[in-house]
Structures are given as structure tokens and as C-alpha cells.
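Working notes, beginning with the structure itself.
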Amino acid sequence: MTSVGIRQSVLDAREQWRSRRDDLKVVHESGGTGREVCKALSDLRDQILIQLYRTALDEISPDLESRIALVLLGGSGRQDIAPFSDVDMMLLYQGSLTDDVVEFSRRISQDVTDSGMQLGYSLRTPREACTMSLSDATIFSSLTEARCLVGNRELFDNFRGRFRRLATRKTPNVIRAIIAAREQERVEFGETVYLLRPNVKKSRGGLRDIHLIRWLGFVQFGAQDLDQLLAKGAMSTADSNQLKLSWEFLLKVRNEMHFHANRANDRLGRSEQVRLAEVFGFTGDDALAPVEELMRQYFRYTSRIRYVCDHFVNKAIRRKKGATVGMLEPLITRQIDKHFRMGPNSIGVPDEEIGWVKKDLEQVLRLMQLACLHEKQLDHNTWIAIRHEMLKNPEIKFTREAARRFMALLSNTVGLGPLLRRLHEMKVLRRIIPEFEHARGLLQFNEYHQFTVDEHSLQAVEQVISFERDQSEIGATYRKIRAKNVLHLALLLHDLGKGFTEDHSEVGRRIAARTGERFGLSDEETEIIKFLVHNHLVMSHLAFHRDINDLEMVAEFAANVGSVQVLSMLYVLTCADISAVGPGTLNPWKKGLLTELFINAKQLLTGASEVDQRYQRIHEMIALHGKNLEQQAWIKERAENLPNKYCATHDPEWIAEQMMALHEMQPTECVAWVRKTDDGSMCELCLGKRSTRRDGVLHKMMGTLSSLGLQICTTEIKPLGRSLTWYWVQFEDTRNKEPGEQRLHQIKSRVEDLVLGRNTDPPKFGSVWQKEETIAVKLSRPEIRVKTNNETVNSATIVDVFAYDKPGLLYKLVKKMYRLGLDVTFCSTSTYAHLVISVFYVTDENGNKIRNKNQLQIIRSEILTACKDYLEPSETTPS
């Protein structure tokens with residue numbers, strides 16, 4: 001034993017594992033294949049484990065070897081370990097659990113761990129191992145890869161035979177359990193192949209899907225090696241070759257990630273993507289960055305794995321049903337016509353008809369229509385036949401009848417999402433919309449999107465269909481749209497212009513025009529699709545970055561849209577597009593703003609002569625709370641100056657109480673309310689104060705709220721007359737998802753202390769990132785920009801600030817505007833991951849726009865400098 005209590009044999013093993021692994025890193029960097037490096041790592045670890053085994057056996061009881069076997073499982077068993085993979089090991093023993101077995105078990109597990117390897121370990125008899133495998137699919141899967149490293153081979157063979165007989169006897173249950181366990185793992189690590197930050201091992205299309213094929217191969221064929229499965233007819237030569245190529249690519253990627261991190265790392269994050277693109281020599285082009293080129297290749301390989309795996313799993317499920325179902329099949333299957341046959345769960349094409357059906361897009365789409373109509377899965381053999389034909393036959397024609405059938409298919413709201421995915425997987429969709437193939441696996445390298453362009457487009461269609469069950473304004477509007485196929489087609493096309501040097505909305509408009517001509521759509525339908533694709537970002541821009549209470553702005557938007565039909569489609573499309581970015585992206589605040597803009601624009605287009613809600617509420621307040629004519633006049637004057645949206649979304653009694661509190665407020669006081677909004681989606685602060693807007697209250701309040709961990713969404717400042725100013729701030733509490741009364745009271749007290757001068761300390765903000773930032777973060781960050789706009793509204797100059805998120809930025813910006821002599825009347829901040837777009841409506845001290853060009857240039861320059869000094873402080877620039 002050494003002075004630190006670790007045996008010399010273990011120290012030698014640790015050094016051997018470290019130094020020889022470093023040698024293999026050189027092999028990897030010199031161009032060694034993924035399989036070659038993994039096999040060499042496995043051989044090295046086998047050698048070390050055998051050495052530790054022999055040393056422990058000699059020191060404890062050499063005779064023990066006749067009763068034990070050291071068995072490697074999982075990746076260790078199949079010999080495709082990465083540089084920092086765990087050791088998955090089982091010590092088999094026979095007979096009773098004697099003291100020497102217990103001592104050896106403790107010794108070998110301790111020595112392996114002390115030698116620097118992460119260990120997964122179990123001590124089992126053959127019976128115990130088999131019994132436990134039935135209760136846990138993960139254990140069963142691991143045991144299918146069992147390999148005897150050293151020890152009593154006869155004991156291992158006994159276990160292996162017992163386990164094989166168990167798998168044969170329990171085949172249906174085992175298959176079901178293995179598939180269910182893998183599906184659960186996919187839920188955790190990524191159900192779609194096109195996840196932008198995948199786990200190389202466990203996300204869909206990753207290495208684990210190849211492992212799944214091996215596990216099912218063991219259960220059904222007693223074979224796991226791809227060549228053996230090919231020889232047994234379990235997979236085609238094409239599928240076997242695709243798997244081998246993809247497997248090699250992923251192993252090489254995983255080895256590089258492990259070696260670089262000097263630890264286990266299977267998550268292909270954005271920084272790794274950038275680094276790997278350089279390591280593997282991707283150069284990109286004018287439209288695609290090197291990292292986007294790398295990830296497109298990555299997705300091609302993982303989609304091939306997913307395709308072959310799905311095929312293999314479906315065949316396994318069909319075999320699992322057994323002979324009984326096969327005997328009943330003719331009784332529960334009916335012929336629709338000579339081309340199509342429908343069973344209890346699926347619809348497909350008989351073997352004698354598939355030869356010509358697979359070459360005819362019209363018949364393929366008719367088959368999909370029937371599947372959608374009857375809510376059936378597509379028969380897997382039919383799917384395979386069609387996909388192979390689409391890949392190899394360039395002569396397949398897209399006819400007007402095929403276009404008609406596709407548009408009919410797009411009219412469905414039941415089962416459309418899965419069928420579109422099938423068409424994409426079968427390579428049919430690219431024959432219908434050729435531009436869709438360009439979007440396949442196309443990375444959107446930013447912090448906002450979570451999926452590739454093709455996956456995002458398909459999810460957008462699925463999201464819009466989900467609105468059929470939505471009980472809000474979105475659902476009601478979607479259900480009223482008659483030409484749903486036009487809307488669904490626009491969603492499929494809306495982002496296909498990405499991946500080119502030109503603005504994707506402009507490219508998308510041309511794609512929409514070509515599609516309308518290719519499909520033989522009417523001029524009206526084509527114009528609608530062109531408009532929706534070209535303007536799919538307009539509504540979100542206005543809702544999130546402009547004051548939607550500005551009637552002139554809303555009127556101009558409504559006039560550009562032109563009709564309630566198109567407005568309804570644009571509203572629903574915008575909501576679906578945002579929802580398809582990722583879970584929770586269409587939050588209640590965004591949904592509310594889009595809905596309000598939609599309703600306001602719709603009222604202008606319909607010319608509805610509804611009673612103005614704002615004045616109706618004022619009259620109600622007067623009737624309820626005015627004690628005399630003087631008070632009634634005072635309430636009316638104050639309330640008429642409140643923000644339109646505030647009056648439209650708040651109870652009249654609540655507003656009346658606030659106005660009465662303002663009426664009774666002393667000149668040196670303020671009144672404030674902090675509460676959750678009525679829909680519970682966020683919180684709001686209302687503050688009334690007798691002062692001018694030139695007292696710096698706004699930027700101080702922004703600083704206080706930001707320092708409390710609040711994400712400010714919108715701010716409106718309104719003069720109510722007689723030196724009264726009204727501040728209305730809507731915010732989210734990033735520290736408390738459900739802030740209670742105590743938290744709300746804390747916020748209110750801090751704001752009151754600030755406004756009344758009881759707290760003059762400058763705000764303090766925590767840091768959210770380290771000084772050393774990753775290349776990926778820097779690449780994905782937007783350029784810091786400042787724009788001014790005097791055209792959109794008549795009441796103010798609009799200042800747009802594009803930056804990235806850091807606590808206190810809003811405070812710095814408003815403070816700078818205050819020092820520039822600007823009054824902020826409206827402020828909106830939208831956050832997209834690290835990207836922040838802050839919008840300010842500003843005037844001069846007299847309430848006028850800023851029209852002097854030199855002054856506008858100074859404003860842009862000063863605000864840009866303030867942003868850069870705060871976000872990118874140099875050694876000499878205070879932050």
C-alpha cells in the first residue's frame with residue numbers, strides 16, 4: 001500500500017489508462033477512424049481490468065476463479081466505448097455468497113474506481129441477473145451486450161444460455177419493454193432528430209438508436225452484429241451500409257468531444273458545434289456558416305439512423321404480434337379498391353399493385369388522403385417501397401391532379417401533421433415542394449430557434465392544427481378560416497427562404513409565387529400565400545415592438561393587410577410560427593399582444609360601430625364613485641388620459657379606486673399598486689405621482705425593478721394633467737414564477753422608497769455570464785444596433801435598440817435618454833434567448849418629435865456607446 005492508501009497496482013493502472021489514452025488521442029487527431037479508436041480504447045481498458053482482476057485474485061484467493069466470471073456489459077461489452085465512457089461491469093458468481101466472493105467484489109470495484117474509471121457495477125448469480133432483467137428493460141438491454149472478459153467461461157456460458165432462453169420465451173414482453181424504455185429516453189433527450197443541441201448518444205437518431213437495433217436483434221434473431229443481422233435477412237444491404245457510415249461518423253464526433261473536454265461529454269452544444277466545424281474542416285459558403293454545414297451533415301446521418309431504426313422497430317412489432325394475428329388478418333382487412341387495402345391499424349398497397357402505385361404521385365397522395373380520412377397509419381412495407389422509389393427515380397412527375405390531391409390533404413385538421421412528416425421522410429414532399437429539400441437539416445444558428453428549418457415548418461403546421469381545440473380568440477379565429485389548406489401551405493413555405501444570402505422573406509415570396517403556379521392555384525390564393533409568407537414577421541414585430549394602442553399605426557397595418565380573411569390567417573400563422581420555435585415561446589404576454597392587435601385591426605377593417613369601451617368605463621366610474629360634480633369631473637379628466645389598453649383590460653371599479661386615491665394624494669406623496677394581472681400571466685406596477693416627467697423617476701424605477709430580478713415587458717408613461725404622471729409597468733418575476741403577496745409588497749415598498757427619496761442607493765445587478773465567453777455565444781450574438789424612426793407614428797420618435805441580455809441594460813438606456821433630454825412615453829422590451837429588442841417612444845421636453853438630423857445622429861451614437869460600454873466594458877471603461 002502507498003502512503004495515501006492506494007495500492008501500487010492501482011496507481012500503475014491509473015497511469016497506464018491515462019498515458020495510453022493520451023496516445024490514442026494522437027491516433028484520433030491523426031485521422032484514426034471512430035471504430036478504430038473505440039476498439040483500441042476497449043482493448044486497453046480490457047487489459048487494465050484483467051491486470052486488476054489477476055492482482056486482486058492472487059492476493060485474496062486464487063481458487064476463487066473457478067466460481068466467478070468478470071463480465072462487461074453495454075458499451076464495454078460491444079467494444080465501442082468513448083475515451084471517458086463508464087465501465088459497465090458485472091461479477092457473476094455461482095454457489096453461495098461466501099466471504100471471499102464479497103471481499104473480491106469489494107476489492108475489484110474499489111480498484112477500478114481508484115484507477116480513474118467511472119464504474120457501474122453489480123454482483124449477481126446467473127439466476128439473479130436474469131430475474132432482474134425482467135423487471136428493468138435497461139438492465140435487460142445491457143445484458144444483451146454481455147461479454148466475458150476473464151474468469152470461469154463455463155459459468156458465463158451458463159448465464160448466456162439461460163438469458164437467451166429467457167429472451168426467447170418472453171419475446172413479446174421484452175420487445176415492448178425495450179421499445180418503451182427507449183421512447184422514454186427520447187422524451188428526455190430529444191424526440192426529434194432535428195434538435196439543435198442534441199445528445200450524440202441519447203437523442204433521436206443518435207447512437208442509442210443503433211443500440212436499440214442490436215438489442216432487438218438479439219431478442220428476435222440471437223444476433224447483434226450488423227453483418228450477422230444482414231445475413232439473417234433482418235435488414236437490407238442498403239440499411240446496413242447506411243448504419244455503418246452513420247455509426248462511424250457519430251463515434252468520431254463523440255471521441256472528439258470526449259478528448260477535447262477531458263471528460264465524458266455527449267451533448268453537442270453550440271460551442272462544440274463551432275469547434276467541431278473547424279476541427280473537421282468545414283468551410284461553409286456565402287449562405288451557410290461552417291457550423292451550419294457541419295450540422296446539416298450531422299442531421300443527415302442521424303436522420304438515416306432514425307429511418308433505419310424505425311423500420312427495424314416496426315418489423316419487430318409486426319413479428320411480435322405472432323401467428324394468431326396473421327391468421328385473423330384476412331378477416332379484419334378490407335379492400336378499398338384494387339389498389340389499397342385497409343387493416344385494423346394501417347392502410348397500404350398490396351404487393352401486386354405496389355409496383356406502379358409507388359411511381360404515381362397522384363396515387364401516393366390518394367393513399368395519404370385515405371389514411372387521413374380513416375385515421376390509419378401507413379403500412380410500413382408500403383412506406384419503404386415509396387421512399388426507395390422517390391430516391392432512385394427522377395422521372396416521377398408532379399401533375400395538376402397531384403397538386404389538387406395535396407391541397408385536399410392540407411384541408412385536414414386530423415392526422416395532417418404525422419402524414420406530412422411521412423411525406424417528408426419518404427422523400428415525397430420534395431417532389432411536391434422542391435424547395436423543401438433545401439430546408440432539410442438546415443440549422444438556424446441562434447439562441448432563439450430550437451429546431452432545423454424543416455422541423456420548425458412541420459411543427460408550425462402541427463401547432464396551428466392544435467388551435468382547433470383552443471378556446472381562446474386564436475382557436476375561434478382558426479375554426480372560422482375556410483381555406484385552411486391555403487394557411488397550412490403558407491406555413492410549410494414561410495421559412496423556406498432561409499439559408500440564402502438574401503432576406504428570407506423576399507426569397508420566400510418568390511418560392512410562394514412558384515408554388516402557386518406549380519400547383520395551379522387561383523390568382524387570389526397565390527396572392528394570399530405570397531402575402532402571408534412575405535409578411536409572416538410583420539405582426540409579431542408590431543405587437544412586440546410597437547405601441548399597439550397607436551390607432552394610426554394599427555390603421556396602416558390593417559390597410560396593408562386589406563381583408564379580415566387575410567388578417568385572420570396572418571394572426572393564426574404568426575401564433576403558430578412562434579409556438580413552433582420551442583415550448584413556451586408563445587407565452588400569455590405575447591399571445592395577448594397579438595390578439596389585441598388582431599382585434600383592433602379587425603374592428604377597423606369591418607367598420608364596426610361598437611361603443612368605445614374606454615369612454616363606457618369612464619361613465620361607469622363616474623356613476624359608481626363620483627360623490628359630487630367636482631369629483632366626477634376630476635375622475636373623468638384623469639381617466640381619459642389613461643392608456644387605452646389599461647382602461648380596456650381593467651375593471652372600472654378598480655380604476656375608480658385608483659383615481660380616488662390619486663385625488664386624495666398629498667403633493668409630496670405617491671400611490672402605487674403591484675399585483676398580478678387578471679389573467680395571471682404576469683405582474684403589473686401602477687404608480688401615480690405629482691411631478692414632471694423630467695425628474696428622472698423613470699430610469700431610477702427601471703433600475704430598482706431590474707435589480708429585484710424583474711423582466712420588464714412594457715412601460716407606459718402618461719401625463720394625467722395638473723402635474724400628475726401615471727406609470728404603468730408590466731413585468732415578469734424571474735426569481736419567482738408565482739410571486740406571493742410578500743414578494744409583491746416587497747416590490748411596491750422598494751419602488752415607493754425610491755420615488756419618495758427614502759432610498760438613493762444606485763441599483764446593483766448580478767452578472768449572468770463569465771468574462772471568458774464561448775465562440776458560439778459570440779457568433780450567435782446580434783450586432784449591437786440603434787435605429788431611429790420618424791415615419792411609423794406621428795406622436796413620437798421611435799428608438800429601436802438591438803442588443804443582448806444583461807441585467808440593468810434597460811436602466812442604462814433610459815438613464816442615457818434622460819441625460820439626452822428625451823421624454824420616454826412608451827417602452828417595450830422583448831427577449832429572444834440572449835437577444836433583446838428594446839423599443840422607446842421618445843419626444844423632446846415640449847412633447848414633440850426629434851426631427852433634426854444632427855440631433856438624431858447624436859442620439860443614436862450616444863445610446864450605441866452606452867450599450868457597448870455596458871455590455872462590452874473595456875479595461876478603461878467603467879461599467
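The values are calculated or read from the model by the stated rules, or taken from the named source; none is laboratory data. Predicted model only: the values in this text are computed from it and were never measured. Using ideal geometry, Cβ is built from the backbone for each residue, glycine included, and neighbour counts are taken over all protein chains shown. Remember, those area values only see protein heavy atoms, side chains included, never the ligands or the DNA or RNA. Shrake-Rupley method; radii C 1.70, N 1.55, O 1.52, S 1.80 Å.
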### Message
Just the residues that are free of Cβ contacts under 8 Å to residues at least 60 places away in the same chain, over 13 Å from GLY497 (Cα atoms) and of a type outside the set (A, V, I, L, M), please, taken from region 516-537.
### Response
GLY516, GLU517, SER522, ASP523, GLU524, GLU525, THR526, GLU527, PHE531
## Note on the structure
Taking region 130-148 and keeping residues buried (at least 18 other Cβ atoms within 10 Å of the Cβ) and either aromatic (Phe, Trp, Tyr) or in contact (Cβ under 8 Å) with a residue 60 or more places away in the chain (or both) leaves PHE140, SER141, SER142, LEU143, THR144, GLU145, ALA146, CYS148
## Note on the structure
Subset of region 284-320, residues without any contact (Cβ under 8 Å) to a residue 24 or more places away in the chain, under 21 Å from the mean Cα position of the chain (by Cα) and open to solvent by less than 40 Å² (accessible area, probe 1.4 Å), comes to LEU294
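Looking only at region 488-508, decide whether some residue is under 30 Å from ASN644 (Cα atoms), in contact (Cβ under 8 Å) with a residue 12 or more places away in the chain and under 26 Å from the mean Cα position of the chain (by Cα). Spell out how you get there, then give the answer.
Residues of region 488-508 under 30 Å from ASN644 (Cα atoms): none.
So far as region 488-508 goes, no, none of its residues is under 30 Å from ASN644 (Cα atoms), in contact (Cβ under 8 Å) with a residue 12 or more places away in the chain and under 26 Å from the mean Cα position of the chain (by Cα).
Here is a yes/no grid of residues against (1) closer than 25 Å to GLU525 by Cβ; (2) part of a helix (DSSP H, G or I); (3) at pLDDT 90 or above; (4) more than 33 Å from the chain's Cα centre (by Cα):
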{"site": "GLN369", "(1), (2), (3), (4)": "yes, yes, no, no"}
{"site": "TRP383", "(1), (2), (3), (4)": "no, yes, no, no"}
{"site": "LEU391", "(1), (2), (3), (4)": "no, yes, no, no"}
{"site": "ASN412", "(1), (2), (3), (4)": "yes, no, no, no"}
### Message
I'm told ILE384 meets every condition in (1) farther than 23 Å from THR515 by Cα; (2) open to solvent by 40 Å² or more (accessible area, probe 1.4 Å); (3) touching a residue at least 60 places away in the same chain (Cβ under 8 Å) except one. Can you identify the failing condition by its number?
### Response
(2)
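Just to verify a result, which residue in region 500-511, among those that are outside any helix (DSSP H, G or I) and either of a type in the set (S, T, N, Q) or under 15 Å from PHE436 (Cα atoms) (or both), is most open to solvent (accessible area, probe 1.4 Å)?
As a first pass, look at region 500-511 and keep what is outside any helix (DSSP H, G or I): 500-503.
After this cut, where a residue has to be either of a type in the set (S, T, N, Q) or under 15 Å from PHE436 (Cα atoms) (or both) as well, the list is 500-501.
On the way: PHE500: 95, THR501: 111 Å².
Out of the qualifying residues, it is THR501.
Residues ALA513, ALA543: which one is free of Cβ contacts under 8 Å to residues at least 24 places away in the same chain, in contact with a helix residue (DSSP H, G or I) (Cβ under 8 Å, 6 or more places away or on another chain) and not aromatic (Phe, Trp, Tyr)? Step through it out loud before you land on a result.
Details: ALA543 fails: free of Cβ contacts under 8 Å to residues at least 24 places away in the same chain.
One residue alone meets the criteria, ALA513.
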#### Entry: Residues satisfying the stated conditions in region 816-847, i.e. assigned to a strand (DSSP E or B), free of Cβ contacts under 8 Å to residues at least 60 places away in the same chain, aliphatic (A, V, I, L, M) and under 20 Å from GLY696 (Cβ atoms)
VAL842
### Message
For the structure I just gave you, tell me whether VAL10 is surrounded by 14 or more Cβ atoms within 10 Å (Cβ to Cβ), closer than 26 Å to ASN158 by Cβ, touching a residue at least 12 places away in the same chain (Cβ under 8 Å) and among the β-branched types (Val, Ile, Thr).
### Response
no
### Query
If LYS252 passes every condition in (1) over 23 Å from ASP454 (Cβ atoms); (2) free of Cβ contacts under 8 Å to residues at least 24 places away in the same chain but one, which one does it miss?
(2)
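Yes/no matrix, rows are residues, columns are (1) open to solvent by 20 Å² or more (accessible area, probe 1.4 Å); (2) among the charged types (D, E, K, R); (3) in a helix (DSSP H, G or I); (4) in contact with a His (Cβ under 6 Å, 6 or more places away or on another chain):
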position	(1), (2), (3), (4)
ALA40	yes, no, yes, no
LEU44	no, no, yes, no
LEU49	no, no, yes, no
LEU52	no, no, yes, no
ALA56	no, no, yes, no
SER66	yes, no, yes, no
VAL71	no, no, no, no
### Residue list for region 245-297, filter: at pLDDT 90 or above, small (Gly, Ala, Ser) and in a helix (DSSP H, G or I)
SER246, ALA261, ALA277
### Query
Taking region 327-350, which residues are modelled with pLDDT under 85 and open to solvent by 60 Å² or more (accessible area, probe 1.4 Å)?
MET327, LEU328, GLU329, PRO330, LEU331, ILE332, ARG334, GLN335, LYS338, PRO344, ASN345
### Query
Which of the residues belonging to region 107-124 are open to solvent by 30 Å² or more (accessible area, probe 1.4 Å) and more than 24 Å from ARG160 (Cα to Cα)?
GLN110, THR113, ASP114, GLY116, GLN118
### Among the candidates ARG169, ARG176, ARG165, ARG153, residue that is modelled with pLDDT of 95 or more and farther than 30 Å from LEU443 by Cα
ARG153
### Message
I want to confirm something. Restricting to region 130-147 and keeping residues that are of a type outside the set (A, V, I, L, M) and not in a helix (DSSP H, G or I), which single residue is modelled with the lowest pLDDT?
### Response
ASP136
### Query
Can you spot a residue in region 512-532 that is open to solvent by 40 Å² or more (accessible area, probe 1.4 Å), under 19 Å from SER830 (Cα atoms), among the small types (Gly, Ala, Ser) and in a loop (DSSP other than H, G, I, E, B)?
no
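Here are ARG162, ARG182, ARG204, ARG127: which of them is free of Cβ contacts under 8 Å to residues at least 60 places away in the same chain, crowded, with 17+ Cβ neighbours inside 10 Å and either among the basic types (Lys, Arg) or outside any helix (DSSP H, G or I) (or both)?
Details: ARG162 fails: crowded, with 17+ Cβ neighbours inside 10 Å; ARG204 fails: free of Cβ contacts under 8 Å to residues at least 60 places away in the same chain; ARG127 fails: crowded, with 17+ Cβ neighbours inside 10 Å.
Testing whether each residue is free of Cβ contacts under 8 Å to residues at least 60 places away in the same chain, crowded, with 17+ Cβ neighbours inside 10 Å and either among the basic types (Lys, Arg) or outside any helix (DSSP H, G or I) (or both) leaves just ARG182.
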### Sole residue being open to solvent by 10 Å² or more (accessible area, probe 1.4 Å) and at positive phi, chosen from GLU353, GLU401, GLU375, GLU395
GLU375
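Conditions tested, residue by residue: (1) of a type outside the set (A, V, I, L, M, F, W, C); (2) at pLDDT below 80.
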residue: LEU705; (1), (2): no, no
residue: ASN736; (1), (2): yes, no
residue: GLY757; (1), (2): yes, no
residue: SER767; (1), (2): yes, yes
residue: LEU779; (1), (2): no, yes
residue: PRO782; (1), (2): yes, yes
residue: ALA796; (1), (2): no, no
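Residues to consider are GLY74, GLY116; find the one that is at positive phi and in contact with a Lys or Arg (Cβ under 6 Å, 6 or more places away or on another chain).
Every option except GLY116 fails the conditions.
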### Task
Name every residue in region 165-179 that is open to solvent by 80 Å² or more (accessible area, probe 1.4 Å) and under 30 Å from the mean Cα position of the chain (by Cα), in order of residue number.
ARG176
### Message
If I ask for residues that are surrounded by fewer than 20 Cβ atoms within 10 Å (Cβ to Cβ) and in a helix (DSSP H, G or I), which ones from region 797-815 would you list?
### Response
LYS815
## Note on the structure
Taking region 78-92 and keeping only residues that are open to solvent by 10 Å² or more (accessible area, probe 1.4 Å) and either under 14 Å from GLN47 (Cα atoms) or not in a loop (DSSP other than H, G, I, E, B) (or both), one is left with ARG78, GLN79, ASP88
